[in-house]
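**Q** Below are the structure tokens for one structure; questions will follow.
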Amino acid sequence: MPFEDDIKSLLKDFNTELQKSGTKESLENLKNTYLGRKGKLSGLLGTLKDFSKDEKARYGKLANEVKAEMAKEFLEKQQHTAGGGSGFFDVTEPGKSQKLGHLHPYTKMREEVNHILYSMGFQILDGEEITSDYYCFESLNIPKGHPARDAWDTFYIEQKRNKNEELVLRTHTSSMQVAIMENQKPPLQTVVLGKCYRNEATDASHEHSFYQIEGFVVDETISVANMVSTLKQLLSAVFKEDVNVRLRPGFFPFVEPGYEMDMSCLNCKGEGCKVCKQSGWVELLGCGMIHPNVFKCAGYEPGKYTGYAFGVGFDRLTMMRYKIPDIRLFNSGDLRFIHQF
Ligand code: FA5
């Protein structure tokens, strides 16, 4: 019975090829090849005319059953490929890649700097951004009416804490010095990395909200030499090259002596360029030996301890590291800027 054999083998071939077809195009081709007007099934049906009446009736019935089965299998496969019949889904179509976010340069730098400080033995704290006038100024040897308050003018909060404690947005992370020392006895090796606020006009290197790293180290025999070597080590690790530093006298009421620390210009290697205004040095941070009045506020025994403190602008550090020309870009929300990191 060649017709029966032929049609069964046609069905078998159809099923094998159907299994392999997974795309819209391959299914369409399969349909045309087997079920189309000039397809293999039609071709086989065309041979029926050569059979007897009885055979024609029997084979014709068989052919219709096979055709129905093929159509059913085909539809099922198509629906399966379409993901439940909700429209055709081509599994071989290249996917649409999801846009992933990435870390802000601040976050990258912060993770790196934290890692360096941690490996140097510092405890890393954040502390409160809304603090009292006492911790931000008074305890740092800056009483009311002191001229230094003008340079560090900040935002004052009407509401008071504990009935009469005046609140401000911290103008520098130095505000954490006494707050931490009150709760921890030396030896202390601490950094505070966090946000500060100032009432000042913005420009390429000034923001009203920015970040600082405050560091302070207190023990019985801490010296300026310890401070210089630690800061040199810290800066060299941050900039991944050996940096030179120099001290100039600087006034901060909570340190004595006080210094401004400059770093050799990485742009011109100290030769002189636009970045360092031809001096070969870049102004970087304030530092000095902690004033006895600060230790007094912390409740430390007078004369027992010495220590150094430093305060560095974290934004400016990040700007130097990534060669960012304007501090205002950080919070601009400009995607052309942010996509560069
Ligand atoms: C201080 O804030 C001192 N508390 C630093 C200090 C700590 C001195 C411990 C001694 C001992 P100054 O105002 O210079 O100092 O600020 C320190 C750094 O913060 C600056 O060098 C600068 O990098 C950064 N900074 C200051 N104001 C702004 C601002 N408006 N925008 C961005 N960065 C700023």
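**Q** Which of the listed residues, 208, 100, 273, is farthest toward the dipole's positive end in the chain, when Lys, Arg count +1 and Asp, Glu count -1 at the beta-carbon?
**A** 100
**Q** Let me ask something else about it. If you average 1/r across every pair of different Cα atoms in the chain and take the reciprocal, what Kirkwood value do you get, in Å?
**A** For the chain, inverting the mean 1/r across all distinct Cα pairs yields 26.2 Å.
**Q** Before I look further, what does the chain give for accessible area per residue, probe 1.4 Å, in whole square angstrom?
**A** With all protein chains present, the chain gives 56 Å² per residue.
**Q** Based on the Cα atoms of segment 2-79, what semi-axes does the equivalent ellipsoid have, where each is the square root of 5 times one gyration tensor eigenvalue, given in whole Å with the largest first?
**A** Each semi-axis is the square root of five times an eigenvalue, giving 25, 11, 10 Å.
**Q** Once both labels are modelled 7 Å past Cα along the beta-carbon direction, what's the residue 242-residue 96 spacing in nm?
**A** 5.5
**Q** Where a Cα-Cα gap under 26 Å defines reach, which lysines qualify for residue 38, not counting those fewer than 8 residues away within the same chain?
**A** 8, 12, 20, 24, 49, 53, 56, 61, 67, 72, 77
**Q** In deg cm²/dmol and to the nearest 500, what is the mean residue ellipticity at 222 nm of the chain if only DSSP H runs of at least 4 residues count, each as -39500 (n - 2.57), divided by the residue total?
**A** Helix contribution divided over all residues of the chain: -11500 deg cm²/dmol.
**Q** Net charge within 12 Å of residue 170 by Cβ-Cβ distance, Lys/Arg positive one each and Asp/Glu negative one each, not counting residue 170 itself?
**A** Here the charged neighbours net out to -3.
**Q** Counting trypsin sites (Lys or Arg not before Pro) as exposed when in a DSSP loop with at most 16 other beta carbons within 10 Å, what is the longest stretch of the chain free of them?
**A** 164-239
**Q** Another question about this same structure. In debye, nearest 20: dipole of the chain around its Cα centre with unit charges on the Cβ of K, R (+) and D, E (-)?
**A** Charge dipole, the chain, about its Cα centre: 1220 debye, nearest 20.
**Q** On to the next question. With just the Cα atoms defining each centre, how far is segment 204-248 from segment 135-199? Give it in Å.
**A** What the calculation gives is 20 Å, centre to centre.
**Q** When Lys and Arg each count +1 and Asp and Glu each count -1, what net charge do the other residues less than 10 Å away from residue 135, Cβ to Cβ, add up to?
**A** Computed value for this residue: -4.
**Q** So for the pair residue 328, residue 340, with labels modelled 7 Å out along Cα→Cβ, what separation do we get in nm?
**A** Label at residue 328, label at residue 340, 1.6 nm between them.
**Q** Can you sort 129, 76 by 1.4 Å-probe accessible area, starting with the largest?
**A** Largest accessible area first, the list is 76, 129.
**Q** Next up: Restricting everything to alpha-carbon atoms, can you work out Rg to Rh for segment 101-233 with a Kirkwood hydrodynamic radius?
**A** 0.99
**Q** For segment 189-341, calculate the relative contact order in percent as a whole number, restricting contacts to Cα pairs under 8 Å that are 6 or more residues apart.
**A** Contact order relative to length: 26 percent.
**Q** Rounded to the nearest 20 Debye, what is the dipole magnitude of segment 2-79 about its Cα centre when Lys and Arg each give +1 and Asp and Glu each give -1 at the C-beta?
**A** 260
**Q** Are there any GluC sites (Glu not before Pro) in segment 237-341 that are in a DSSP loop and have at most 14 other Cβ atoms within 10 Å? List them by number.
**A** Sparse-neighbourhood loop GluC sites (Glu not before Pro): 241, 271.
**Q** Okay, moving on. Points 7 angstrom from Cα along the Cβ direction at residue 163 and residue 69: gap in nanometres?
**A** Here the modelled spin labels are 9.5 nm apart.
**Q** So what J values fall out for segment 60-66 if you push phi through Karplus, 6.51 cos²θ - 1.76 cosθ + 1.60 with θ = phi - 60°, rounded to Hz, Gly and Pro as x?
**A** Each residue of segment 60-66 in turn: x, 4, 4, 4, 5, 5, 5 Hz.
**Q** May I pose another question? What percent does the relative contact order of the chain come to when contacts are Cα pairs within less than 8 Å and at least six residues apart?
**A** Result for the chain is 14 percent.
**Q** Between 0 and 90 degrees, rounded to the nearest ten: what's the tilt of helix 2-20 against the longest Cα principal axis of the chain?
**A** Once rounded, the angle reads 10 degrees.
The values are calculated or read from the model by the stated rules, or taken from the named source; none is laboratory data. Since the model is a prediction, treat every value here as computed from it, not as a measurement. Using ideal geometry, Cβ is built from the backbone for each residue, glycine included, and neighbour counts are taken over all protein chains shown. All accessible areas refer to the heavy atoms of the entire protein, side chains included, with ligands and DNA or RNA removed. Shrake-Rupley method; radii C 1.70, N 1.55, O 1.52, S 1.80 Å.
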